[in-house]
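Novice: There's a structure below that I have some questions on.
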Amino acid sequence: MFEYFIAQHKDEINLHMIELIEAEDIPESLKESMIYSIEIGGKRLRPILVFAVLKALGRELTLGYHTAAALEMIHTYSLIHDDLPAMDNDDLRRGKLTNHKVYGEAVAILAGDGLLTHAFSLISLDGGLSFEQRIKLIQELAQAAGPAGMIAGQVLDMEAETKSVSLAELKNIHAHKTGCLIEFAVIAGAIIGHAEAETLTGLRKFASHLGVAFQIRDDILDIEGDSDLIGKTVGSDLANNKTTYVSLTSLTEAKKMLEQEIASAIESLKQLPFDTKLLESITIFIKERQH
């Protein structure tokens, strides 16, 4: 079910993002660099989650296009900056040269900055949403992507490279670094779809478990994944002294934790007052994904 849903909407959101950037009156070198990293692609899990929640709530998916594009632009900016020499110093992203290897560090930094700031403009100008919805989405996204959210997780992750961390500390790192944007994707769909407060609470709980599950699966794939599929060298996290669920426990234990988070996510969905089959399908996809 989820694979079919992705096939329906992945290309649409890719084209939408490119068209939005192409329409901007900005230097061509900057535009080219921004589009380069957008076109490297990916699963587009975050935009797809926005659409999946809207579908579950019986709303038009087009209502979420600008917000989904904004979210993926912020995710892409974070990857451009993660790859820089001052951070992870990666040459490849999904099998292609990283942005700074093609356009240089200065333009790569500015391309990331451009994607980040343009994202908020997209939401603020979305005439398909009420002013109240736009303000709420901007507040939620700023919190998820900002210094108390994803950026906090990135800082804690770098600091963890030089010291030992507990399992609780590792969960906190990834709840911020990875989980915040996944949680926003779910909550954005709920805000756009006019979900009730109780439903919002239930979806937050679901998204929290989903974010942890996503990261655990990433850590497992770093050990036993296929380099061609995941777009990076298997074992790179361990080689770079990254603390992962596998390095902190074991591969077997990490797989057990993944099963627990998936079960908790699905249990959270069962408490919601609408059809959650598509969201359950996404949850299973995260557990079984190969890249």
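The values are calculated or read from the model by the stated rules, or taken from the named source; none is laboratory data. Please read these numbers as outputs of a predicted model, since none were measured by experiment. Neighbour counts run over all protein chains shown; Cβ positions are idealised from the backbone, glycine included.
Novice: Can you find a residue in the range 160-174 that is in contact with a Gly (Cβ under 9 Å, 6 or more places away or on another chain), more than 21 Å from TYR245 (Cα to Cα) and either surrounded by fewer than 18 Cβ atoms within 10 Å (Cβ to Cβ) or not charged (D, E, K, R) (or both)?
Specialist: No, every residue in the range 160-174 fails to be in contact with a Gly (Cβ under 9 Å, 6 or more places away or on another chain), more than 21 Å from TYR245 (Cα to Cα) and either surrounded by fewer than 18 Cβ atoms within 10 Å (Cβ to Cβ) or not charged (D, E, K, R) (or both).
Novice: Within the range 127-140, is there a residue that is over 18 Å from ILE21 (Cβ atoms), of a type outside the set (A, V, I, L, M) and in contact with a strand residue (DSSP E or B) (Cβ under 7 Å, 6 or more places away or on another chain)? Let's see the steps before the verdict.
Specialist: So in the range 127-140, the residues over 18 Å from ILE21 (Cβ atoms) come out as 127-140.
Now restrict to residues that are of a type outside the set (A, V, I, L, M): 127-128, 130-134, 136, 139-140.
From what's left, in contact with a strand residue (DSSP E or B) (Cβ under 7 Å, 6 or more places away or on another chain): none.
No.
Novice: Still on this structure: Taking the range 56-99 on its own, how many of its residues are more than 19 Å from the chain's Cα centre (by Cα) and either within 29 Å of GLN271 (Cα to Cα) or buried (at least 24 other Cβ atoms within 10 Å of the Cβ) (or both)?
Specialist: Residues flagged as more than 19 Å from the chain's Cα centre (by Cα) and either within 29 Å of GLN271 (Cα to Cα) or buried (at least 24 other Cβ atoms within 10 Å of the Cβ) (or both) within the range 56-99 amount to 7.
Novice: Separate question: What are the residue pairs meeting all of these: first residue in the range 1-30, first residue in contact (Cβ under 8 Å) with a residue 12 or more places away in the chain and of a type outside the set (Val, Ile, Thr), second residue buried (at least 17 other Cβ atoms within 10 Å of the Cβ) and not in a helix (DSSP H, G or I), Cβ atoms under 6 Å, and 6 or more apart or on different chains?
Specialist: Pairs found: LYS10/ARG44.
Novice: Output the residue which, of all residues in the range 1-17 that are assigned to a helix (DSSP H, G or I) and hydrophobic (A, V, I, L, M, F, W, C), is modelled with the highest pLDDT.
Specialist: Filtering the range 1-17 for residues that are assigned to a helix (DSSP H, G or I) and hydrophobic (A, V, I, L, M, F, W, C), the one modelled with the highest pLDDT comes out as MET17.
Novice: For the range 144-182, enumerate the residues that are in contact with a His (Cβ under 7 Å, 6 or more places away or on another chain), of a type in the set (A, V, I, L, M) and under 14 Å from PHE214 (Cβ atoms).
Specialist: MET150, LEU181
Novice: Return the total of residues in the range 50-90 being small (Gly, Ala, Ser), assigned to a helix (DSSP H, G or I) and out of contact with any Ser or Thr (no Cβ under 8 Å at 6 or more places or on another chain).
Specialist: Of the residues in that region, 6 qualify.
Novice: Among (1) surrounded by fewer than 21 Cβ atoms within 10 Å (Cβ to Cβ); (2) in a helix (DSSP H, G or I), which single condition is PRO147 missing?
Specialist: Of the numbered conditions (1) surrounded by fewer than 21 Cβ atoms within 10 Å (Cβ to Cβ); (2) in a helix (DSSP H, G or I), the odd one out for PRO147 is (2).
Novice: A further question follows. Just to be sure I understand, how many residues within the range 3-41 are within 18 Å of the chain's Cα centre (by Cα), more than 15 Å from THR62 (Cα to Cα) and among the acidic types (Asp, Glu)?
Specialist: Result for the range 3-41: 2.
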